[in-house]
1. Give the range 369-381 a look and list any residue that's of a type outside the set (A, V, I, L, M, F, W, C) and surrounded by 14 or more Cβ atoms within 10 Å (Cβ to Cβ), or say none.
2. Taking the range 94-103, which residues are among the hydrophobic types (A, V, I, L, M, F, W, C) and either under 15 Å from Asp149 (Cα atoms) or surrounded by 22 or more Cβ atoms within 10 Å (Cβ to Cβ) (or both)?
3. Of the residues in the range 327-368, how many are in a loop (DSSP other than H, G, I, E, B) and either buried (at least 21 other Cβ atoms within 10 Å of the Cβ) or touching a residue at least 12 places away in the same chain (Cβ under 8 Å) (or both)?
4. Considering only the range 110-122, state which residues are surrounded by fewer than 24 Cβ atoms within 10 Å (Cβ to Cβ) and under 19 Å from Leu205 (Cβ atoms).
5. Only one residue in Asp203, Asp185 is of a type in the set (Asp, Glu), surrounded by 24 or more Cβ atoms within 10 Å (Cβ to Cβ) and within 28 Å of Val319 (Cβ to Cβ), so which one is that?
6. Can you work out which of the residues in the range 287-312 that are out of contact with any helix residue (DSSP H, G or I) (no Cβ under 7 Å at 6 or more places or on another chain), among the aliphatic types (A, V, I, L, M) and not in a loop (DSSP other than H, G, I, E, B) is farthest from Val154 (Cα to Cα)?
Amino acid sequence: MSENLLESMAAAPAVSDKPAQRLFIPGPTDVLPDVLAAQTAPMIGHRSDEFEALFAKCEAQLQQLFATRARVYIVAASGTGLQEAAIRNAVGAGQVLCFVNGAFSQRWYDVALGCDKCAERVDVAWNTAVKPATVTEALAAALARGPVDAITVVHNETSTGVASPVGEIAAAVRQLSPETLVLVDAVSSFSGVSIPCDEWGIDVLLTSSQKALALPPGLAFCAVTDRVLARAATVKGRGWYFDFLNLEKSLKKSTTPATPAISLMRALSVQLDRIFAEGAAARYARHARLAARTQAWAVARGFALMAEEGYRSPTVTTVTNTRGVNIEELNRYLARWGMEISDGYGVFKGKAFRIAHMGEVNDADLDRLFAALDSYLEQSA
């Protein structure tokens with residue numbers, strides 16, 4: 001692949017207001033100029049009618065995107081913050097089963113331990129999905145020892161590119177132990193694939209702003225059922241900032257207990273309008289198409305895919321580095337063309353690389369990335 005092609009692609013006129021794509025990493029993702037610009041609007045009071053109207057609009061749109069009639073809390077935090085919130089509110093004296101098949105599901109287990117909960121880790125191979133049969137077996141064994149307040153599962157493991165069937169998992173939990181709450185982390189999948197929260201029976205579905213939502217980092221969102229609030233009312237030590245009952249009181253007044261990230265809320269409002277203008281179904285289809293293209297590119301170039309077939313992420317592809325590519329050197333080459341991919345996460349550093357195709361990435365962006373990757377591979381062969 002000649003660098004002349006890359007130079008011609010780089011020189012091509014920009015389409016609409018979309019900037020030259022740079023970040024093919026699984027968060028933060030590129031943010032469009034009008035979304036960034038929304039943050040520069042004059043500051044308003046966080047107890048003003050104007051802010052309450054902004055908050056109410058965003059919450060209503062998020063409910064649509066979460067496919068839920070339940071409330072959606074908007075918090076100035078990371079997704080990890082809401083992992084802690086879910087544990088503090090949904091888990092009392094009973095057990096919490098943490099299904100671990102990657103770095104971020106492992107983090108949720110660590111969070112549960114840090115909150116001094118009775119947490120049990122259920123390990124699953126890191127290149128495979130958490131499956132209903134595994135959940136049923138582990139849950140049955142735990143129930144023999146005592147009550148299980150909740151399970152935690154990551155829908156889309158950013159470290160491995162594995163997507164677990166959380167709808168089927170929730171159904172399995174309901175069948176065996178209806179009182180056990182289902183807590184789902186969808187940080188790197190939300191808005192990139194349909195997750196019908198109410199239909200699937202998810203009690204807490206959490207995400208954050210800087211991945212498929214294509215917003216700056218700093219906001220986190222979670223849909224929370226009445227079942228969780230009822231449980232929270234019985235749990236001591238919920239803290240204050242992440243106390244769902246505290247958030248609920250403020251939500252009823254279209255505000256937050258503490259000072260919100262007003263500028264980020266303005267950006268959220270603009271981006272939600274963009275998402276609904278594209279249409280949720282079209283957005284999900286675009287993510288699925290880009291995932292298929294990325295997976296096909298990797299296999300055609302002699303690489304392997306880390307995630308097992310049938311459970312591959314629609315938003316990030318983790319490629320096993322079977323060709324022994326120097327990923328740091330590769331990224332230095334990509335930087336010449338204003339692009340970046342991710343090295344493997346944690347134990348996979350150097351052994352894999354990750355290509356994110358989430359947020360506002362389109363086919364032309366992938367064309368340019370693949371041209372650059374092919375050019376590097378040809379030169380280093």
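All of the numbers you see were taken from the coordinates with simple rules; none came from a lab. Not measured: the values here are computed from a predicted model. With ideal geometry, Cβ positions are generated from the backbone for all residues, glycine too; neighbour counts draw on all protein chains shown.
1. Taking the range 369-381 and keeping what is of a type outside the set (A, V, I, L, M, F, W, C), we get 374-376, 378-380.
Answer for the range 369-381, where residues must be of a type outside the set (A, V, I, L, M, F, W, C) and surrounded by 14 or more Cβ atoms within 10 Å (Cβ to Cβ): Asp374, Ser375, Tyr376.
2. Step one: list which residues in the range 94-103 are among the hydrophobic types (A, V, I, L, M, F, W, C), which gives 96-100, 103.
If the condition is that a residue be among the hydrophobic types (A, V, I, L, M, F, W, C) and either under 15 Å from Asp149 (Cα atoms) or surrounded by 22 or more Cβ atoms within 10 Å (Cβ to Cβ) (or both), then Val96, Leu97, Cys98, Phe99, Val100 are the ones that fit.
3. So in the range 327-368, the residues in a loop (DSSP other than H, G, I, E, B) come out as 336-339, 344-345, 350-351, 357-362.
If we keep only those that are either buried (at least 21 other Cβ atoms within 10 Å of the Cβ) or touching a residue at least 12 places away in the same chain (Cβ under 8 Å) (or both) too, we end up with 337-339, 344-345, 350-351, 357-362.
Count: 13.
4. Val111
5. Numbers: Asp203 fails: within 28 Å of Val319 (Cβ to Cβ).
Selected residue: Asp185, the only one of Asp203, Asp185 that is of a type in the set (Asp, Glu), surrounded by 24 or more Cβ atoms within 10 Å (Cβ to Cβ) and within 28 Å of Val319 (Cβ to Cβ).
6. Ala300
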